[in-house]
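Data block below; observations after.
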Amino acid sequence: MNRPVHGGNLAWAAELASCSPSAILDFSASISPLGPPQSAIAAIQNNLALVREYPDPDYGQLRRAIAKTHQLPSEWVLPGNGAAELLTWACWDLAKLDETQVLTPGFSDYFRALSTFDAKVSRCPFDFARVEEQGIEPDLLNLASSMPSSAVKTQARSAGLLLNNPHNPTGQLFSRASILSCLDEFSLVVLDEAFMDFLPPDRQQSLIEDVQRHPNLVILRSLTKFYSLPGLRLGYAIAHPDYLKVWQTRRDPWSVNILASVAAEAMLLDTEFQQFQQQTWDWLQSAKPKLFSGLAALPGLCPYPSAANFFLVRSQQSVPEIQQRLLKQHQILIRDCLSFPELGDRYFRIAVRSESENQRLIAGLTDIL
């Protein structure tokens, strides 16, 4: 079985560890360990009979539920089969431009989607270690304009920017002001906010409230990471309706299954929705610093501070070797960073899980290191 490009490949891990997939403790996928909201589970159980029917092809109720959450008109929202599906259609639009800028190290799916449509891509090196050491905030415009072949638009050229915030895999959080400054310079900015939910409201740097003022801004969101529903494959885009209407014509009909749709509607409209969010923020605030301290105390490891629910860790030893030993000896899966060419075999990424599970990881790494 080939080495996985994404996290969460328990079949690959179980084969390597010679155990059942259910025996693997997965730190490779950055999913909340608290489990889904009960309202989502109840909605699935109560609506199983709906599998005999087609979903609403326009997803009217789901769009309204998402739009209500963000105080937007529903025509500015489009649900999708995970944020990954919507990324594909956004990259189709980016590929029409003369050039698209992507910070590196960057999520491998960005390059997959862009290459599908033969987009011209400029890789913009992001020196996250320097940012951390000097305590400075990266200037996105300077990062782009410093490239030998600058992607920033001119009168004769069109340019796009594809960015995630918080950044994957480093966990760096870009300020709202920094991203807003790019909107006048790029023809299209596609902003992946898949991990933004993990920050409490007073720390979020989302541009959702700005999207109606900037027709060249597309925001992608996930409903699977924060709400622990990756198997349902559900995300959404927020963008000018002209973009979303075109995307609807490109994709297969019924891209969101009916159980995912009713689960999301119930979850977003649940009166205890805010309570679930607060529980998740409280868990992360407690568990995250303890995991960071435990990693930093281990010989040969250097974790980087992160705004998200994961840490990027530099290792003095070969990560594939550490990964295999963790699997075979402790049934623990960490995410290697081989799919990020700029990082290579000396970095890994781990999700924050429950405090007892985090301690199990620290114990396993202590045994190996």
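Read-outs: derived from the displayed coordinates by stated rules, not from any lab. Note that this is a predicted model, so its numbers are computed, not measured. A quick note on method: Cβ atoms are made from the backbone with ideal geometry, for glycine too, and the neighbour counts reach across all protein chains shown.
Derived scalar couplings between HN and Hα for region 345-359 equal 9, 10, 9, 9, 10, 10, 7, 8, 10, 5, 4, 5, 5, 4, 5 Hz in order, rounded to whole Hz, by the Karplus curve 6.51 cos²θ - 1.76 cosθ + 1.60 (θ = phi - 60°), x for Gly and Pro. For PHE310, the amide hydrogen comes within under 5 Å of the amide hydrogens of VAL352, counting only partners 5 or more places away or on other chains and with H modelled in the peptide plane. Taking GLY171, GLY35, GLY231 as the candidate residues, the one with maximal mean-square fluctuation in a Gaussian network model of the chain, Cα springs under 10 Å, is GLY231.
Here the Karplus relation 6.51 cos²θ - 1.76 cosθ + 1.60, evaluated at θ = phi - 60°, turns the backbone of region 181-190 into coupling constants of 5, 7, 5, 7, 9, 10, 5, 8, 10, 9 Hz, with x for every Gly and Pro. Take the Cα of GLN285, step 7 Å toward its Cβ, do the same at CYS302, and the gap between the two points is 3.1 nm.
Restricting attention to region 148-247, which trypsin sites (Lys or Arg not before Pro) occupy a DSSP loop and are surrounded by at most 12 other Cβ atoms within 10 Å? Provide the component values of the computation, followed by the final result.
Details: sites: LYS153, ARG157, ARG176, ARG203, ARG213, ARG221, LYS225, ARG233, LYS245; in loops: LYS153, ARG157, ARG203, LYS225, ARG233.
Filter output for region 148-247: ARG203.
In this model, which of LYS225/LYS288; LYS290/LYS328; LYS120/LYS245 are farther than 20 Å apart at the alpha-carbon? From the list (LYS225/LYS288; LYS290/LYS328; LYS120/LYS245), the Cα-Cα distance tops 20 Å for LYS290/LYS328; LYS120/LYS245. Placing unit charges on the Cβ atoms only, positive for Lys and Arg and negative for Asp and Glu, gives region 38-272 a dipole magnitude near 420 debye about its Cα centre.
Taking the Cα centre of region 183-313 as the origin, how large is its charge dipole in debye, to the nearest 20, when only Lys and Arg (+1) and Asp and Glu (-1) carry charge on their Cβ atoms?
Numbers: 10 positive and 14 negative charges, 84 e Å.
Taking the Cα centre of region 183-313 as origin, the dipole is about 400 debye.
Normalised by residue number, the volume inside the convex hull of the Cα atoms of the chain is 143 Å³ per residue.
Projecting the Cα atoms of LEU163, PRO57, SER18 onto the charge dipole of the chain, computed from C-beta unit charges around the Cα centre, puts SER18 farthest toward the positive end. Between the amide H of LYS120 and those of THR100, distances stay under 5 Å, these residues lying 5 or more places away or on another chain, with hydrogens modeled in the peptide plane. Potential lengthening of the chain between ARG157 and ASP118 amounts to 12.3 nm, from the contour at 0.36 nm per residue minus the alpha-carbon distance. Residue-wise HN-Hα couplings along region 318-332, as the Karplus relation 6.51 cos²θ - 1.76 cosθ + 1.60 with θ = phi - 60° gives them from phi, are 5, 5, x, 5, 4, 4, 5, 5, 4, 5, 6, 9, 9, 6, 10 Hz; Gly and Pro carry x. Annotation: for a label point projected 7 angstrom from Cα along Cα→Cβ of ASN257, residues of region 15-44 with backbone N closer than 13 Å are 44. Give me the log10 of I(q) over I(0) for region 231-286 at q = 0.17, 0.22, 0.29, 0.30 Å⁻¹, as the Debye formula computes it from C-alpha points; what are the numbers? Calculated log10 I(q)/I(0) at the listed q: -0.78, -0.97, -1.13, -1.14. Divided by 2.2 N^0.38 Å, where N counts the residues, the Cα radius of gyration of region 167-243 comes to 1.13.
Rounded to the nearest 500, the 222 nm mean residue ellipticity of the chain from helices alone is -11500 deg cm²/dmol, with -39,500 (n - 2.57) taken per DSSP H run of at least 4 residues. For ASP192, the amide hydrogen comes within under 5 Å of the amide hydrogens of LEU163, ASN164, ASN165, LEU220, counting only partners 5 or more places away or on other chains and with H modelled in the peptide plane. Distance between the pseudo-spin-label points of VAL246 and GLN278 (7 Å out from Cα toward the beta carbon): 4.3 nm.
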